[in-house]
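What follows is a single structure, written as structure tokens, with notes after it.
The values are calculated or read from the model by the stated rules, or taken from the named source; none is laboratory data. What you see is a predicted model, and the numbers here were worked out from it, not measured in a lab. We place every Cβ from the backbone using ideal geometry, glycine too, and count neighbours over all the protein chains shown. SASA here: full protein model, heavy atoms, side chains in, ligands and nucleic acids out. Shrake-Rupley method; radii C 1.70, N 1.55, O 1.52, S 1.80 Å.
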There are 2 protein chains.
Amino acid sequence: VKILLDVMSGDNAPLELIKGAIEAKSECNADITLIGDIDVINSISEQNGININDYGFEFVHTTEVISMEDAPLSVVREKKDSSMSVGLKMLSEGKADAFVSAGNTGALHAGSTLIVRRIKGVKKSAIGAIMPYKCPTLLMDSGANIEITPDVYLQFAQMGSVYMNKIMKIENPRVGLVNIGAERQKGTKNLVEAYGLLENAPDINFIGNVEGKDLPYGVCDVAVTDGFTGNIILKLTEGCGSMIMSRLKDVFYENLITKVASVGVKKGLKQMKKDFDSSTYGGAPLLGLSKPVIKAHGSSDAKAIKNAVKQAAYCVETSMVYEIAMMIVPELSEQNEAGCSE
Amino acid sequence: VKILLDVMSGDNAPLELIKGAIEAKSECNADITLIGDIDVINSISEQNGININDYGFEFVHTTEVISMEDAPLSVVREKKDSSMSVGLKMLSEGKADAFVSAGNTGALHAGSTLIVRRIKGVKKSAIGAIMPYKCPTLLMDSGANIEITPDVYLQFAQMGSVYMNKIMKIENPRVGLVNIGAERQKGTKNLVEAYGLLENAPDINFIGNVEGKDLPYGVCDVAVTDGFTGNIILKLTEGCGSMIMSRLKDVFYENLITKVASVGVKKGLKQMKKDFDSSTYGGAPLLGLSKPVIKAHGSSDAKAIKNAVKQAAYCVETSMVYEIAMMIVPELSEQNEAGCSE
């Protein structure tokens, strides 16, 4: 398995990405190619006492970097020699099996769709964020497509079910439709129609509408929604969690007694914080593409990058793309393994 | 000031509503009318040692109750003798100044719009939930209108600004547009257009787009959004909060040491829980109507009901409806105080 890693991506590039690649190398037997400015990679490695040539990495030199401020289409226009652009191109040309980046989400999604392309029959690709709820919940979509038609909700449910089954090993994943009430007639016309399609799909385990108050309790394994609502859910969950945890810190730092109290629950709080850390599950898979692409969180540290690389390798090993193609357009399955659209 | 209270509404009816009315009576000098089944009110009061005739309440006897399962329009169709329906009718006939109910939100909004009616010039009335974020944030709308046009976003911003200024005493309330990015071109076509309208409105303090991750930190005083997104935000905030607090409880209950630790931070945690309790601010005001209507939380206890009644009285005392009318259609202001549309 050959994984491409965009080492120039994210807030902690390139050091944490280099470290993450080294950690991944020791835990899985993937061939890893580091894409980025070779001079920067060498000097940062040296400064940190890393002998970068000791790990059997391949290197691809690039001169440009897609920043968080760049427009999504810059990846196919102004910055064709960026690490992201070159990585996606190599992936589309069959020079590797999967691509991992912690960079600009919009650019990664646009670039993936235009360069790597979608599986034949897939109408929209989605960014499937794994939410650290009571059970890990795949949020389909978490921001790629702000408005979608009912048939796309169904495809998101199908792709999400394949991912949670193959990669997260959940038998018969529960699919919920994010809505503002449990009853089938709730929400927009699109949602009511989507409810009907999901209900009648033979290949998914649809449990009905799910509400905002239920999501944190892990009521479903795949939460199907448009990218606008999904992005609000993704970021509000993050905001509520960090605000409450910072508030809690204030409570513990108030005086000597509270500080002593904090020692007693230190272990429990640490575990709690860990449970809310979505990077345990790697990054967000872009689903519906003809090759696996993983979006690691922008603030990823070495551990998060390691998990994202392992996750990418696992997507390849389990033929996730083929399984999605089989689910979406079973009759195309034979020609679909390498198939792409548009 | 004369306030109508739907004592048959909410999970804790009628006892907590009766108690809440008694508490409100001692803290503000409003005349309170209890609407509900007089036999039930009498027997529940007696059972709980309350001399219901000691407080100077007026009573209006009704035989029906709108349940949480009833359709929104039941309030004007099947259940015209319900406490909610009779209360709204009395309000529209000028027999009182404001109405408080903890009942079915959909029915209360539909009934208010059809019976009490909107202020002339107001296109949609909204349910303005007060979110217990770092600063209290008025979520406009929190569920009444699932899809809205750009001009309605502007009216929500205006009405919300009046409320936060007059009732919550916030000078020059900061208005944020809920979106998936800070840049003005983010989100749906409707949101981009709404951004332009908000930006050019002279009478509000528009601070731009606000994201889900920022909301809990209290970045704005009025968060403008459609009712679908608003309802997701309302319920997800509730879900995240209760899930994290229950997780925290587990941490403290684990063993003897953690139980001892919990004693040290008991006060801080109690205050923290109180800060997240939105009922401190009363209920959710229905804004845009020709008379104040307050929706108390379904699970309201006596204290929450007391606060909702006081809030209703305060809306009357500050001429909130008139102030909203002045903001929305200044040229209509003279005839607007009692004006209504549709």
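Identify all residues within the range B:204-218 that are hydrophobic (A, V, I, L, M, F, W, C) and either within 24 Å of B:Met272 (Cα to Cα) or away from every other protein chain (no Cβ under 14 Å) (or both); write none if there are none.
Matches in the range B:204-218: B:Ile204, B:Phe206, B:Ile207, B:Leu215.
Can you name the number of the only condition in (1) part of a helix (DSSP H, G or I); (2) touching a residue at least 40 places away in the same chain (Cβ under 8 Å); (3) among the hydroxyl-bearing types (Ser, Thr, Tyr) that A:Ser45 fails?
(2) is the only condition that A:Ser45 fails.
On the basis of being more than 8 Å from every other protein chain (Cβ to nearest Cβ) and either modelled with pLDDT of 85 or more or in contact with a Cys (Cβ under 8 Å, 6 or more places away or on another chain) (or both), does B:Glu238 make the cut? Steps first, answer last, please.
Values: more than 8 Å from every other protein chain (Cβ to nearest Cβ): no; either modelled with pLDDT of 85 or more or in contact with a Cys (Cβ under 8 Å, 6 or more places away or on another chain) (or both): yes.
In short, no.
Out of all the residues in the range B:1-42, which are in a strand (DSSP E or B) and open to solvent by 10 Å² or more (accessible area, probe 1.4 Å)? Explain how you work it out, then say what you get.
Taking the range B:1-42 as the starting set, the residues that turn out to be in a strand (DSSP E or B) are B:2-6, B:31-36.
Within the range B:1-42, B:Lys2, B:Asp31 qualify.
Collect the residues in the range B:222-243 that are open to solvent by less than 10 Å² (accessible area, probe 1.4 Å) and in contact with a Gly (Cβ under 8 Å, 6 or more places away or on another chain), keeping them in residue-number order.
B:Val222, B:Ala223, B:Val224, B:Gly227, B:Gly230, B:Ile232, B:Ile233, B:Leu236, B:Gly239, B:Cys240 - these are the residues of the range B:222-243 that are open to solvent by less than 10 Å² (accessible area, probe 1.4 Å) and in contact with a Gly (Cβ under 8 Å, 6 or more places away or on another chain).
Any chance the range B:280-302 includes a residue that's facing another protein chain (nearest Cβ under 10 Å) and either at pLDDT 80 or above or surrounded by fewer than 24 Cβ atoms within 10 Å (Cβ to Cβ) (or both)?
No: zero hits.
Which pairs turn up if I take residues in the range B:243-261 that are farther than 25 Å from A:Val219 by Cα and look for partners that are outside any helix (DSSP H, G or I) and open to solvent by 10 Å² or more (accessible area, probe 1.4 Å) with beta carbon separation below 8 Å, at least 6 apart in sequence or on another chain?
From residues that are farther than 25 Å from A:Val219 by Cα, the pairs are B:Lys259/B:Tyr253.
Please go through the range A:135-147 and give me each residue that is open to solvent by 10 Å² or more (accessible area, probe 1.4 Å) and either more than 11 Å from chain B (Cβ to nearest Cβ) or free of Cβ contacts under 8 Å to residues at least 24 places away in the same chain (or both), ordered by number.
Answer for the range A:135-147, where residues must be open to solvent by 10 Å² or more (accessible area, probe 1.4 Å) and either more than 11 Å from chain B (Cβ to nearest Cβ) or free of Cβ contacts under 8 Å to residues at least 24 places away in the same chain (or both): A:Cys135, A:Pro136, A:Asn145.
Hey, can you tell me all the residues within the range A:163-213 that are in contact with an Asp or Glu (Cβ under 6 Å, 6 or more places away or on another chain), among the aliphatic types (A, V, I, L, M) and either open to solvent by 10 Å² or more (accessible area, probe 1.4 Å) or on the phi > 0 side of the Ramachandran plot (or both)?
A:Ile170
Could you tell me whether the range A:61-83 includes any residue that is within 19 Å of the chain's Cα centre (by Cα), under 24 Å from A:Ser279 (Cβ atoms), aliphatic (A, V, I, L, M) and open to solvent by 10 Å² or more (accessible area, probe 1.4 Å)?
Yes, the range A:61-83 contains at least one residue that is within 19 Å of the chain's Cα centre (by Cα), under 24 Å from A:Ser279 (Cβ atoms), aliphatic (A, V, I, L, M) and open to solvent by 10 Å² or more (accessible area, probe 1.4 Å).
Condition check: open to solvent by less than 40 Å² (accessible area, probe 1.4 Å) and facing chain A (nearest Cβ under 10 Å). Does B:Val263 satisfy that? Walk me through how you get there before you give the answer.
On the way: open to solvent by less than 40 Å² (accessible area, probe 1.4 Å): no; facing chain A (nearest Cβ under 10 Å): yes.
Considered against the rule, which asks whether it is open to solvent by less than 40 Å² (accessible area, probe 1.4 Å) and facing chain A (nearest Cβ under 10 Å), B:Val263 comes out as no.
Looking at (1) farther than 22 Å from B:Ser299 by Cα; (2) small (Gly, Ala, Ser); (3) surrounded by 15 or more Cβ atoms within 10 Å (Cβ to Cβ), can you tell me which one B:Gly49 breaks?
Exception for B:Gly49: condition (3).
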